[in-house]
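Here the structure comes first, spelled out in structure tokens, and everything after it is commentary.
Just so you know, all these numbers are worked out from the coordinates, no wet-lab data involved. In this text the structure is predicted, and so the values were computed from the model without any measurement. Cβ atoms come from the backbone with ideal geometry, glycine included; neighbour counts cover every protein chain shown.
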There are 2 protein chains.
Amino acid sequence: MPALPHAAPATLHDVAREAGVSLATASRSLNGSARKVNDDYRQRVLAAAARLNYSPNFSAQAIAKGSTSTVALVVSDIADPYFSSIAAGVIRAAEAEGLIVTMAVTERNPERELELVRALRGQRPRVMILTGSRSVDSEHQAALITELTAFTATGGRVVLISQEGLPFNTVVVDNYLGARALANALVAQGYRTFAALTGAETLVTSRDRLAGFADGLAEHGIAIHPDRVVRGEFTRDGGFAAATELLATGLEQVDLVFAVNDVMAIGAMSALREAGIDVPGDIAVAGFDDIDTARDVTPALTTVNIPLTDVGRQAVALALSDTARTGDEAVRVATRVILRASSPAR
Amino acid sequence: MPALPHAAPATLHDVAREAGVSLATASRSLNGSARKVNDDYRQRVLAAAARLNYSPNFSAQAIAKGSTSTVALVVSDIADPYFSSIAAGVIRAAEAEGLIVTMAVTERNPERELELVRALRGQRPRVMILTGSRSVDSEHQAALITELTAFTATGGRVVLISQEGLPFNTVVVDNYLGARALANALVAQGYRTFAALTGAETLVTSRDRLAGFADGLAEHGIAIHPDRVVRGEFTRDGGFAAATELLATGLEQVDLVFAVNDVMAIGAMSALREAGIDVPGDIAVAGFDDIDTARDVTPALTTVNIPLTDVGRQAVALALSDTARTGDEAVRVATRVILRASSPAR
DNA sequence: ACCGATTCGGAATAGGCTTTCCCTCTAGGC
DNA sequence: GCCTAGAGGGAAAGCCTATTCCGAATCGGT
């Protein structure tokens, strides 16, 4: 059977012909321009469009009016609840503005991120939102800045999520202060000896949280023994592995394990459980992010809340705001320590 | 300060001029057409492009060659791990094919789904993948079919996920059989009296799972008392609420609560725990989907595994396969009962 | 009844790119 | 050395829509 030739989608031209009007009139009828068109004609055009199942070609529209209505969102891993919650906020806010969201996933790879941004530029999105995986690795960093600058130079808006210090609009999550507050709260709960599970050395988020936590402890004269700081991937499995590694070094005197994010904390809890260690009886655990499932694990996870959906929403709002034209606006979102059963007072 | 006029992005034209070659040559150099271009010229073009920070305009390309390279993905709720895992699979597979993914969220609203599909058509995506929220509500259903048919009629590929019976390519998850197998397995574990938490009546997925579960029990002469089937939203909070409602009716003799999906099951577990009921000591729980966190809650959740990421991958593969041209191909994915601590043998 | 001011349909153009078609130039065959 | 073929650059057509510019028709005022 020969590949049956698909009819091409109806074009505005087809609609105009079908309705017996000019292209201009058809266009004006269908997307209510400044110019009015006689209601008679309008109806005819609308009817013709319906009859032909017409759907406007966004690409053509984009090219004709020189701007698209898409928001490009870059995340590390959409299956990670941290990112999917932010994405949910971005999508909701974008749709409310009549914008379409395109999404790309870096798989936590800076190189890939650069490629993606480069490719995404081709879409001529109104806004590009980058979240996660910012690293201090300066090589890709520089190239990324170049690329983003080229984008903003041509009118694009860039918003970074949770990555301070770059010359772009940013929704800032105060990882440092949040972690410090958490440390204080945990000390107040009676904890004294800590271990930490952290992400790759180059990950800014991971660094900030660890630094904040350490500084918070330092206020009380407490330090984390270097052997008790274990690196792992920034994922559930990374947390599981890191906790396992930590176990190997002996955890007898440790009161509480702080994981720099919730998914790691949850992985760690599973690892501890499998090793026959009771949480929080033997060791308490705390995370960061307050992802949805943090309250559903047992014991419920002590963490630092970030209003993730809101972060997404704010990112869109920031991108669209007039003040953001300058490109170095910062919006801060508040974090909040949430004490739950995984770190009872002792 | 006057809004500084942004320079327009460099066009292919600019690149050609900068390189001192024709438009055609520039185009050919940059995206390797069938025609070869002298390496000398090529280099000149590439250099010019780099110098100008050129990025091809996808809209223009799309319009010029009459086809885009985007995949449109429609999900109910991206923050739900079921959908985000599928999305991860879709995105990975799409990116491997050089396709861009655009995503839209229905918020579980059929009307919204229809609107979105209508809008998405305007993107002229190569592929449209719809997942979730299929309902038997025939009104929107008919309109949706019309819209999708118009799309396929013009060469677009449609793939439905987990929604049999519609005249489109489908990745079929055998909800019915999976649930039946689960019921059998649970009876084998020694459970005899069941309650169920289910989604909206019109949700096909929910219906199929409940029916399969009921039929599985029926094989052993067991029926679920109608009062013990509670409807709730297809979400964590829905599960929490439904379980709370169930508690009000008294659960003394119930051995196990089956929730038609994992997020509901996890919500239910939290509700039971808050009510002071021990899981699985007092009541066992089982879910469906095997989302990542199912293994991390305590007790780990008994469920039916669906290879979610793979489902997404398969959807893309199916859409791109030649055999899918007919538009009613079905790919089945296997489900697998996973017994965990939430339903120990008794 | 006539003139200027609106209103509104239509033709034409623009917008960035791909691709066909034409034509020149070079290499190879005899 | 001449002719043919093939390689490859360039001009131009075309993809689909929005919009500007024109001109015709209508309306109101006097």
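Things to note:
- Phi-based couplings in Hz for region A:55-63 (Karplus 6.51, -1.76, 1.60; Gly and Pro marked x): 9, x, 8, 4, 4, 5, 4, 4, 6
- Among the trypsin sites (Lys or Arg not before Pro) in region B:22-128, those located in a DSSP loop and surrounded by at most 10 other Cβ atoms within 10 Å of their own Cβ are B:35, B:36.
- Other residues lying with their Cβ under 13 Å from the Cβ of residue A:344 contribute a combined charge of -1, Lys and Arg counting +1, Asp and Glu -1.
- Here is how the number arises for chain B: DSSP H runs of 4 or more residues each give -39500 (n - 2.57), the sum is divided by the residue count, and the result at 222 nm is -13500 deg cm²/dmol.
- Amide H to amide H distances under 5 Å link residue A:336 with A:305, where only residues 5 or more positions off or on other chains count and H is placed in the peptide plane.
- 15 Å beta-carbon shell around residue B:320, net charge (K/R +1, D/E -1): +1
- Given their separation in residues at 0.36 nm each and the Cα-Cα distance between them, residue A:31 and residue A:248 gain 71.5 nm when the chain is fully extended.
- Hydrodynamic radius of region A:185-254 per Kirkwood, over alpha carbon pairs, in Å: 12.6 Å
- Relative contact order [Cα under 8 Å, 6+ residues apart], chain B, whole percent: 17 percent
- Rg followed by Dmax, in Å, when region B:87-203 is reduced to its Cα trace: 17.3, 55
- Charge tally around residue B:67: other residues with Cβ under 11 Å, Lys/Arg +1 each, Asp/Glu -1 each, net +3.
- Viscosity 0.692 mPa s, 37 °C: Kirkwood-radius Stokes-Einstein D of chain A over Cα pairs, µm²/s: 145 µm²/s
- Quarter of the Cα convex hull surface for region A:19-160, i.e. its orientation-mean projected area (nm²): 10.4 nm²
- Dipole moment magnitude, nearest 20 debye, chain A about Cα centre, only Lys, Arg, Asp, Glu C-beta charged: 1640 debye
- Inter-chain neighbour count for B:306-316: the average number of beta-carbon atoms from partner chains within 10 Å of each residue's beta-carbon is 0.
- Note on region B:12-56: Cα-Cα pairs beyond 13 Å make up 39% of the total pair count.
- Other copies of residue B:38: label-to-label distances in nm, shortest first, labels 7 Å along the beta-carbon direction: 5.8
- In region A:217-264, GluC sites (Glu not before Pro) in a DSSP loop with at most 15 other beta-carbon atoms within 10 Å: A:219, A:252
- FRET efficiency for the pair residue B:24 and residue A:7, taken as 1/(1 + (r/R0)^6) with r the Cβ-Cβ distance and R0 = 45 Å, rounds to 0.90.
- Sorted from nearest, the other copies put their residue A:326 label points 6.4 nm away, the label point being 7 Å from Cα in the direction of Cβ.
- Expressed as a fraction of 2.2 N^0.38 Å, the C-alpha radius of gyration for the protein assembly as shown is 1.03.
- Each principal axis of the Cα cloud of region A:191-346 was taken in turn, and the coordinate range along them, longest first, works out to 55, 31, 28 Å.
- When +1 charges are put on Lys and Arg Cβ atoms and -1 charges on Asp and Glu Cβ atoms, the dipole computed for the protein assembly as shown relative to its Cα centre reaches about 2560 debye.
- Under 29 Å from the Cα of residue A:65 - lysines, other chains or at least 8 residues apart: A:36, B:65
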